[in-house]
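The values are calculated or read from the model by the stated rules, or taken from the named source; none is laboratory data. No experiment lies behind these values; they were computed from the predicted model shown. Neighbour counts are summed over all protein chains in view; Cβ atoms, including those assigned to glycine, are modelled from backbone coordinates with ideal geometry. Ligands, DNA and RNA are excluded from the accessible area calculation, which covers all protein heavy atoms including side chains. Shrake-Rupley method; radii C 1.70, N 1.55, O 1.52, S 1.80 Å.
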Amino acid sequence: MLNKLLQVYNKTPLWVFILGLTLILGVLAFGSSAGDSLTVDESPHIVAGYSYVVEGDYRLNPEHPPLLKLLSGISIWLGDKLTSQNIYFPNNIPAWNEKVNAQWDMGYELLFQSGNDADTIIWWARLPTILILLLGVVCIAYSVNYHTKSKSIAIISSVLYVFSPNVIAHGRLVTTDLIASLTFLVVIDFWIRYLKIPSWRHIIYLTLAIGIAFLAKFSTILLIPLMILTGFSYIFIKYWKDKRLIFKNIILIRDFIIIGLGVFIIINLVYFITMRNMSLDTQLRLVQESFPQENQISDLTKQGLSNIIQTPSLRYFGQYMLGQAMVIQRVGGGNTTFLLGEFTNQSFIEYFPLTYLLKENLAAILSLFSILLISVIKLTHIFRDKKINLKSRILNNWYLITIICMIAIYWIISVRGNLNLGIRHILPAVILTYIVIAFGIVKLLIPMKFSRVILGIFLSWYILAAILTYPNYISSLNILAGQNQGYQTFTDSNLDWGQDLKRLNNWTKQKNIDTLYIDYFGTGDVKYYLPDINIIPIKSTDGPQIGYTAISATMFQDSFYNRQNDPYYQEYWWLVWRRPDYIIGNSILIYYNDKY
């Protein structure tokens, strides 16, 4: 029986597996997305992207590159034309006319205050991200298959990607995390092709890939040290004691310059499209208001960016540099973070390791640790065996080595950084790790006698966990976090990003509730999502209420952080030892009081 299955597997072409996995991912992504209300960062991204299309003005959300937002804006515009929604862009209000980056106000106005159908806009805005998510299956499968010459590694990598709760969670939203993660892989793919065959065709492909990556998210700038490190290392290893060593290094430097110029042109072109109607005065004002601090660094940044923007040939690239500078400022400032009952306004060095351990599928974690352990043993043997051609082994596996280097760079920067933004912040490393796990399974675990049983258990566990998590992918945690204890572990995008208002509305209908006190974290309009409920907004400072109270996990924990900073602030002290009566989507806590 097993031999027949293996024969069928070997005869089935890779594209059949890719098609099947893509269809499954589409069902999981579209289905779960329909139940999610607007999440926090989507509001400014949606309105910014749409403004780039209809207004040609980049005043909103300059701290993120435009690619995903622009695609979402185009999708909204096309959806408007196809469905005759007549979407109104509020360009006659003070948030647009008098301010330069009122992205939160503009997002709320576009979606909930201008007579537009918010759900329809959100659906069309999310569509490009989901299509990119599905395209990711193809990218991973064919990239891995091309460089490893192994259909099995390609399929297992794709399975890990398709059934990853974290990939699905952030692969359905109007955010930059998923698209940036995939561009890391695409650039690595073309980078290795170029190193092996440094043709002009590969230079062009690599230039386009890097340009797209830099327009996807500013963190993709980490590709530069990766390429410098792995590029010169590859040449050094390949041409050591070869007269061509210096010449090959010179060629690489030349190609770096050519690629850099090409990327510069691509960035300028896309930024021109998004800010084609933006006045120079508005752009200069945006620079001044983006750095309100009164210090020497801020003053030098504003002066330098203003000089660049006023240079006609650098104006559009100056907008890109403005975004990079804003990100650096944000990282330096830190953010309020909650982790396992502790708070900080800077960062926890253990935040991302714990995030990975508690939010990644436990089967993947155990497999990764097993593979790392076996790899150490295997490498020890390889280095001791003089019969093995070590140079050939290294060069033949440069694709995997480059991926591991990128994972290491990303982890080091993230752990040492000052922003704890959830697992989405390390999503590029998470996705690249799936390739490492798949490689380890095929090359290390499968050759072991008991490997087929382990592989079957691993894949079944992994797939089943993703299906059982449906549709609560944003708030998903593995069994190490404990049942219904997510709000005691994480907040914000690791658990509560405002995504459960629709589920809260369904719950109120099931319970026949007509009045609800609510302390909500998010950018969605509560009355829009709960139209038939008498909504009474509250804060912890309002004290206990008679009836049902819905509190977002983030607001619940933030009240205790506020208490730490202000001894007179009233937190949710009356709920601190009480378990919620209900938990909606793992992110909204429901309490019922019949007396004070």
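A few comments on the model shown:
- Of the solvent-accessible surface of the chain, computed with a 1.4 Å probe over protein heavy atoms with every protein chain present, carbon and sulfur atoms account for 63 percent.
- Listed residue pairs exceeding 31 Å between alpha carbons, taken from Lys302/Lys359; Lys11/Lys248; Lys509/Lys539: Lys302/Lys359; Lys11/Lys248
- Rolling a 1.4 Å probe across the protein heavy atoms gives the range 296-354 an accessible surface of 50 Å² per residue.
- Relative contact order for the range 1-105, counting Cα pairs under 8 Å that sit 6 or more residues apart, in percent: 23 percent
- Ignoring lysines fewer than eight residues from Lys4 along the same chain, the ones with Cα atoms less than 30 angstrom from its Cα are Lys149, Lys151, Lys443, Lys449.
- Take 425-432, 352-359, 298-305, 158-165 and order them by the average number of nearby Cβ atoms within 10 Å per residue, most first; the result is 158-165, 425-432, 352-359, 298-305.
- Calculated from backbone phi, Karplus (6.51, -1.76, 1.60) coupling profile of the range 548-563 in Hz, x at Gly/Pro: 8, 10, 10, 10, 5, 4, 5, 5, 4, 6, 4, 4, 6, 5, 4, 5
- Magnitude of the charge dipole for the chain, about its Cα centre and with charges confined to Cβ atoms of Lys, Arg (+1) and Asp, Glu (-1), is about 3760 debye.
- Think of the chain as a dipole: +1 on every Lys or Arg Cβ, -1 on every Asp or Glu Cβ, centred on the Cα centre; then among Gly334, Ile404, Phe218, Ile404 lies furthest on the positive end.
- Option label - Rg/Rh (Cα atoms, Kirkwood Rh) computed here, alternatives (i) 0.98; (ii) 1.05; (iii) 1.14: (i)
- Residue-averaged [θ]222 nm for the chain, counting only DSSP H segments that reach four residues, each worth -39500 (n - 2.57): -20000 deg cm²/dmol
- Those lysines that a straight Cα-Cα span of less than 19 Å connects to Lys511, excepting residues fewer than 8 apart in one chain: Lys502, Lys527
- In a fully extended conformation the segment linking Glu342 and Ile197 would gain 47.1 nm over its present Cα-Cα distance, using 0.36 nm per residue.
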